[in-house]
Amino acid sequence: MTEIRLYNTATRSKQLFKPLDPNNVRMYVCGPTVYDRAHLGNARPVIVFDTLYRLLRHVHGPDHVTYVRNFTDVDDKINATAMARRQAGAPGSLEQLVRERSDETIRWYREDMDRLGALRPTHEPRATEYIDQMVALIADLIAKGHAYEAEGHVLFRVRSYAGYGRLSGRSVDDMIAGARVEVAPFKEDPMDFVLWKPSGDDLPGWGSPWGRGRPGWHIECSAMSQELLGTSFDIHGGGNDLQFPHHENEIAQSMCAHPDAGFAQVWMHNEMLQVEGKKMSKSLGNFFTVHDLLAQGVPGEVIRFVFLGTHYRKPMDWTAEKAQGARRTLKKWYAEIALADGRGEVDAGVVASLANDLNTPEAISKLHDLSARQDWHGLRASLRLLGLIGRNVPDWAGDSPVDANTTALIEALLVERAEARRNKDFARADQLRDGFVTAGVIIMDGAEGSTWDLTPEFDKSTLEALK
Ligand code: AMP
Ligand code: ZN
């Protein structure tokens, strides 16, 4: 069986991945807060962990992997939208309007992520459907001395857990110095964080031993992962920004409730996404959603391909230029694999690259190799593993239809041009270069080989005359 190596944030090293139960590999990834459309940065953990999910399914079998990604549907911004709608005269109770807002956001999220080729996780729990489990977990933490009630709030006693800060390798005192901790008179220690807080009558709330209220964000993931994956499981993922406080807090809660279980074995964090070299933000005017891009005609496969071009532990830059390059490469490959029937094997080199801590840029270079070797069956199967093609070549790839003969001819002429250059037959090499221009074929020579596209002036007979 393929050996998978993954970088574990908790040990700061790349290690051999040994699932607790190889018949049921279990992964939890923190999902979105569903108050609005997903922005492009939100797509990064989705694509990264979907690629890991696909690799795990490939290695362990599709029925032997359980992937959970939650929806956080308890949130002030969701409440604010619901209240604004009620004030504008929308019918229904506040609870119904809150539910409507999160329903519509979840629907958008699924539509957008489907278009990015992300498989639906095995379970997509909504926090509001696990309130009982959260209340039980909080009560257990109080009983064990790790949490306390104060003025309708329940707080986690951070100093009661010696391992706090271990994930990020920082001491509690360092973290207090760096963090914006909320000071409140009822807290024993400023570091203590909220497990439960009271809800006013004008806000959604649930009954609890501590009065009507709602859960804190961190307890949601501890309760849902425990319910769906058990007290210990294999992989826990999310963006880098969640390491502290969210993941430190999840660990503290789950480890204090079940000290011997171990909680998540491997912690994985994706780096952040930027746009044209800058942090994406509304004030810089470079903020956009996945839906914005799709609506502008950037295909989901192109977005995914650009993301896979950067290793997940490196900051990634979205640029229009990368999107154009991705479009050209994918179009070329889709034309090539039109000749393949889907019976091919996934390339071992692609699998090996992914098994090496999800080295997706290297996997892409292997796709270029497959194309250069004209292994269309291997290319098709490998594109499929990477989520870059479903059952069929996407429609957009045919927006200037290229027939199989043309593709084969251009590829053959490119091979000939490379040979001519190697043999210092510059007359023939130049003839081919100029011939491509006259025929309306754009050739883009890059470090990873040549890609091509057809201009609207493409003329097949001029191309054929080059033979
Ligand atoms: P949120 O809805 O803000 O809780 O975020 C959902 C997921 O998106 C989390 O895993 C975040 O770490 C991730 N995320 C948010 N912004 C970015 C970004 N700019 N780049 C990469 N991941 C991000
Ligand atoms: Zn979480």
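Coordinate-derived values only; no laboratory data. Predicted model, so just to flag it, every value in this text is computed and none were measured. With ideal geometry, Cβ positions are generated from the backbone for all residues, glycine too; neighbour counts draw on all protein chains shown.
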Legend entry - Kirkwood Rh (inverse of mean 1/r, distinct Cα pairs), segment 404-464, angstrom: 11.8 Å
Legend entry - Mean Cα-pair separation over length for segment 60-160, i.e. relative contact order, pairs under 8 Å, 6 or more apart, %: 32 percent
Inset, instruction - Rank 387, 402, 123 by how far each Cα sits towards the positive end of the charge dipole of the chain (+1 on Lys, Arg Cβ; -1 on Asp, Glu Cβ) and give me just the farthest. - result: 402
Inset, instruction - Once you have a ≥ b ≥ c as the square roots of the Cα gyration tensor eigenvalues for segment 320-397, tell me rounded if a/c is under 1.5, and otherwise prolate or oblate according to whether a/b is larger than b/c. - result: oblate
Legend entry - Point-to-point label distance, residue 282-residue 455, nm (Cα→Cβ direction, 7 Å offset): 4.4 nm
Legend entry - Estimated [θ] at 222 nm from DSSP helical runs (n ≥ 4, -39500 (n - 2.57)) normalised by residues in the chain, nearest 500: -13000 deg cm²/dmol
Inset, instruction - Using the structure shown, list the pairs from 322/424; 282/314; 279/366 with a Cα-Cα distance above 25 Å, or answer none. - result: 322/424; 279/366
Legend entry - Extension gain from residue 120 to residue 260, taking 0.36 nm per residue of separation minus the Cα-Cα distance: 47.2 nm
Inset, instruction - Report ³J(HN,Hα) in whole Hz for each residue of segment 261-275, in order, from the Karplus equation J = 6.51 cos²θ - 1.76 cosθ + 1.60 where θ = phi - 60°; Gly and Pro get x. - result: 7, x, 6, 7, 7, 10, 10, 10, 10, 8, 6, 7, 9, 10, 10
Inset, instruction - Under 20 Å Cα to Cα from residue 467, which aspartates and glutamates show up? Leave out anything in the same chain fewer than 8 places away. - result: 336, 403, 411, 416, 419, 425, 430, 434, 453, 457, 459
Legend entry - Student exercise, the chain dipole from Lys, Arg, Asp, Glu Cβ charges, in Debye to nearest 20: 560 debye
Legend entry - Percentage relative contact order, the chain, counting C-alpha pairs under 8 Å, at least six apart: 16 percent
Inset, instruction - Can you give me the span-like helices of the chain, meaning DSSP H runs with 20 Å or more of Cα extent along the axis and Kyte-Doolittle mean at or above -0.5? - result: 43-60, 404-422
